[in-house]
1. Can you give me the solvent accessible area of His98 with a 1.4 Å probe, rounded to the nearest 10 Å²?
2. Rank these by accessible area, largest first, 1.4 Å probe: Leu68, Leu85.
3. Starting at the first residue of the stretch 361-368, write each ³J(HN,Hα) from the Karplus equation 6.51 cos²θ - 1.76 cosθ + 1.60 with θ = phi - 60°, in whole Hz, x for Gly and Pro.
4. For the stretch 311-402, with only Lys/Arg (+1) and Asp/Glu (-1) charged at the beta-carbon, what is the dipole magnitude about the Cα centre, in debye rounded to 20?
5. Order Trp175, Trp4, most accessible first, counting only protein heavy atoms with a 1.4 angstrom probe.
6. How large is ³J(HN,Hα), in whole Hz, for each residue of the stretch 307-322 in order, when computed from phi with the Karplus curve 6.51 cos²θ - 1.76 cosθ + 1.60 and θ = phi - 60°, using x for Gly and Pro?
7. What ranking do 187-193, 376-382 get when scored by the average of other Cβ atoms within 10 Å per residue, highest first?
8. Starting from the residue with the highest accessible area, list Phe279, Phe242 in decreasing order, probe 1.4 Å.
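The values are calculated or read from the model by the stated rules, or taken from the named source; none is laboratory data. Every value quoted in this text rests on a predicted model; they were computed, and no experiment measured them. Glycine gets a Cβ as well: all are built from the backbone with ideal geometry, and neighbour counts include every protein chain shown. Side chains are part of the model used for accessible areas, which takes the heavy atoms of the whole protein and leaves out ligands, DNA and RNA. Shrake-Rupley method; radii C 1.70, N 1.55, O 1.52, S 1.80 Å.
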Amino acid sequence: RGDWVRGGEDVCYYPTPYRTTPLKATTAAAGAGAGRRRSGVARAEGTAKRKGKGKNDDQVGKDCGNGLWGATFTLQLETSGIHYLAMCYPYSYTDLQHYMQAMLHGPACGESMREICRRSTLCRTIKGNRVDCLTITDFNTLAGTAAEAGAGVMLDRPYVTVSARVHPGETNASWMMKGVLDFLLSSNPLAARLRKTYVFKCIPMLNPDGVVNGNYRCSLAGCDLNRAWANPSRKRHPPIYFLKRMIDRIARSGRLVLFCDLHGHSRKEDVFVYGCEPFRGRDIDRDGVDPRDEAEARARVRLLPYLISKQNPAFVMRKCSFKVSKSKMGTGRVVVCRELGVPNSYTIEASFSGASCTGRHMTARDLEEMGQAFCRALGQATEAIEVSVEAEMELLHQVDEHCGLGLAAMNGKDIAGGENSGGSDVDSGEDEEEDEE
């Protein structure tokens, strides 16, 4: 991107001998207050049992417990002056405002842009920053009353909601969102068909306070907004409160067919999704569930990720996970699925590292292309559904064959594999890796 270039050699990410868990006061400190415990960052004395093993344990030399990790690298600067370092290509709140200004009001847009995209304010943040919401559809062919449009529900079309940057440090999410917006607002024939089929509600930057203030994960109130979906506060979590209210209104109309939240991931390579396995959960009564219905439902929630993987090799289906752990119950994709009743609810995770298919880091252009791949996959799924039930089922059987869900066997087709057959869709991510969502 422009004057941003990749650099650095001898990059190493490893466990350090420091941890944040409280430590007992040392003998020397005991005189200042017996029994007191130190908190915050402290050097771990002695050994502690560790859950996992780091790639560079030989550099640490001793067991460091569940502590802090460090990153070291060598960077040689060829010129003097001021240099800025970033872990991913930056995308600021100002960048977003300039992008939308040029997109919606620039001289190249003309009056026609208002016919396919309209900008509104979802809410104001704690600091007063504007959370933008873009409504993208073909307004010229949209049936419905003005009152319905003003209420945010246009009853003649299904809805797709896409959000990004709930975690302000995950700038790769913004580049994927830019790819989504660029495609949907383009003259591409598929983009035009998508606009005539769906109403897209896009929230490009869900946590502008965190972005403006340089936070990595939290809002200005120190909250992880992607853990506040279960019971958001209008005062402490205004973006989540108002987005959930909007989604709930659309879901109640029966028109919300897809929710997708864009994120970045710092430990896994490639791009992948977290979804929600249907007919799973403690509150779900599985008695009387037809196994064929269950297999078909499992194939349906994997259809969009499968089609994205066919559009872009950097998206790896086997790294997708559809488990819902206890720590994820307050996330957007789980609440929208389990509470609001939208099965196709996903988090798309793009690596800060790179793609295993290329062996190199992802560029901003790579991330934009992933956003476009999402749109193309949605278009492919839509076309199959519109053509015929047979065309849709053919795609579902392709997913079944790839993931080993057992749907084809129930239909009398001889396809090996089942739920535990070790197919490509076996969940491979451990809980500690999934905690990034």
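1. 120 Å²
2. Descending accessible area places them as Leu85, Leu68.
3. Here the 3J(HN,Hα) series is 5, 7, 8, 4, 5, 4, 5, 4 Hz.
4. Dipole size: approximately 740 debye.
5. The ordering from most to least exposed comes out as Trp4, Trp175.
6. Per residue, the Karplus-derived 3J(HN,Hα) values read 5, 4, 4, 7, 8, 9, x, 6, 8, 10, 5, 5, 8, 6, 9, 10 Hz.
7. Output ranking for 187-193, 376-382: 376-382, 187-193.
8. Result of the area sort, largest leading: Phe279, Phe242.
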